[in-house]
Structure formats: structure tokens, C-alpha cells
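The structure under discussion appears below in the form of C-alpha cells.
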Amino acid sequence: MAYGMAASDGMLYVTDANQEQLFEVDPTKGSVRQVVEYPKSNRAMTGVAAGPDGALYVAEWASNKITRITKD
């Protein structure tokens, strides 16, 4: 269940609120890579934003927090 999306460095980053995963999508090639998968819970990864420091910031709806995720 794709929920949030952000662009950074020519890539798209998409959250899956249902499966609690973050994906990197290459729009030129159509390839998809899983960046992170949280253990199943009720956090619900919703929003995602690219930060000025090059990291991604993911909003966790049920836990009311923001998590910083580096691309490496």
C-alpha cells in the first residue's frame, strides 16, 4: 500500500504503510529496491521527506515520531 513519496538525487522513495517498508524507485529504469523494512507492528510508515543532509525522514503515524534513515 504505497502511501508517501519523495524525490532525492534522481530517485523516488516510497513508503508502504501496510507492510512498513521503504522503497527506492529508479524512474528511468523502472527498478525497485527495498531500503528498509520495519518489524511488523502498528507504526504505519506514512510520510517521507528528503532532508538537506541527504537522509530520508519517515513519519510513523501510530508511534507519532519521525525516523531518520540514511540511504546507505
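The values are calculated or read from the model by the stated rules, or taken from the named source; none is laboratory data. All values reported here derive from a predicted model rather than from experimental measurement. Neighbour counts run over all protein chains shown; Cβ positions are idealised from the backbone, glycine included. The protein model used for the area step is the full one, side chains on, heavy atoms only, and it has no ligands, DNA or RNA in it. Shrake-Rupley method; radii C 1.70, N 1.55, O 1.52, S 1.80 Å.
Listed values, structure above:
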{"quantity": "Where a residue in region 41-56 is within 15 Å of residue 10 (Cα to Cα) and free of Cβ contacts under 8 Å to residues at least 24 places away in the same chain and its partner, wherever it lies, is open to solvent by 30 Å² or more (accessible area, probe 1.4 Å) and of a type in the set (S, T, N, Q), with Cβ under 6 Å and at least six apart", "calculated": "55/70"}
{"quantity": "Check on residue 3, of a type in the set (Ser, Thr, Tyr) and crowded, with 16+ Cβ neighbours inside 10 Å", "calculated": "yes"}
{"quantity": "Residue ID - farthest from residue 3 (Cα to Cα), chosen from residues in region 14-63 that are exposed (fewer than 14 other Cβ atoms within 10 Å of the Cβ), modelled with pLDDT of 90 or more and of a type in the set (S, T, N, Q)", "calculated": "28"}
